[in-house]
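Q: Have a look at this one before I ask anything.
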Amino acid sequence: MHAQHKKRKEVSDRLARIEGHVRGLKKMVEEDKACPEILLQFIAIRAALNKAARIVLEDHVETCLKQAATSGETEQTLQELKDALAKLI
């Protein structure tokens with residue numbers, strides 16, 4: 001069982017904004033905007049995704065890892081975190 005994430009709304013709000021940025025980027029491509037402008041939008045979207053991922057990671061440490069330590073499932077939870085980070089990075 002997973003702990004309730006405290007920052008779920010914050011992450012959801014950020015993802016909604018990112019979704020809007022991606023739609024805007026798609027429109028820029030369709031309108032044949034200048035490549036440097038398009039690349040800057042990719043950079044902004046990547047930075048926004050990284051920030052959302054950091055918030056999820058912080059939330060995981062503050063909720064899931066604490067709960068795992070209390071319930072004695074620390075090793076499994078740490079391994080799951082290591083596997084997820086390996087894919088993220």
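The values are calculated or read from the model by the stated rules, or taken from the named source; none is laboratory data. As the structure is a prediction and not an experimental result, all values here were calculated from the model. Backbone-built Cβ (ideal geometry, glycine too); neighbour counts: all protein chains shown. These area figures cover heavy atoms from the full protein model, side chains too; ligands, DNA and RNA do not enter into them. Shrake-Rupley method; radii C 1.70, N 1.55, O 1.52, S 1.80 Å.
Q: Of all residues in the stretch 32-79, which are more than 24 Å from Lys6 (Cα to Cα) and among the polar types (S, T, N, Q)?
A: The answer is Gln41, and nothing else.
Q: Out of the residues in the stretch 16-60 that are of a type in the set (D, E, K, R) and closer than 22 Å to Ile89 by Cβ, which is least open to solvent (accessible area, probe 1.4 Å)?
A: This residue is Asp59.
Q: In the stretch 77-86, which residue that is under 16 Å from the mean Cα position of the chain (by Cα) and of a type in the set (A, V, I, L, M, F, W, C) is surrounded by the most Cβ atoms within 10 Å (Cβ to Cβ)?
A: Ranking the qualifying residues of the stretch 77-86, first place goes to Leu81.
Q: Checking the conditions here, which among Thr74, Thr63 is hydroxyl-bearing (Ser, Thr, Tyr), open to solvent by less than 70 Å² (accessible area, probe 1.4 Å) and touching a residue at least 60 places away in the same chain (Cβ under 8 Å)?
A: On inspection, the qualifying residue turns out to be Thr63.
Q: Moving to a separate point now. Just to verify a result, which residue in the stretch 1-13, among those that are in contact with a helix residue (DSSP H, G or I) (Cβ under 9 Å, 6 or more places away or on another chain) and in a helix (DSSP H, G or I), is modelled with the lowest pLDDT?
A: Among residues in the stretch 1-13 that are in contact with a helix residue (DSSP H, G or I) (Cβ under 9 Å, 6 or more places away or on another chain) and in a helix (DSSP H, G or I), the one modelled with the lowest pLDDT is Arg8.
Q: Now for a separate question. I'd like to know if the stretch 49-56 contains one or more residues that are closer than 20 Å to Lys9 by Cβ, small (Gly, Ala, Ser) and in contact with a Lys or Arg (Cβ under 6 Å, 6 or more places away or on another chain).
A: Yes; the residues of the stretch 49-56 include at least one that is closer than 20 Å to Lys9 by Cβ, small (Gly, Ala, Ser) and in contact with a Lys or Arg (Cβ under 6 Å, 6 or more places away or on another chain).
Q: Would you please list the contacts, defined by Cβ atoms under 9 Å and residues six or more apart or on different chains, that run from a residue in the stretch 36-47 that is within 14 Å of Glu19 (Cα to Cα) to a residue that is aliphatic (A, V, I, L, M)?
A: If the second residue must be aliphatic (A, V, I, L, M), the pairs left are Gln41/Val22; Gln41/Leu25; Gln41/Met28; Phe42/Leu25; Ala44/Leu25; Ile45/Ile18; Ile45/Val22; Ile45/Leu25.
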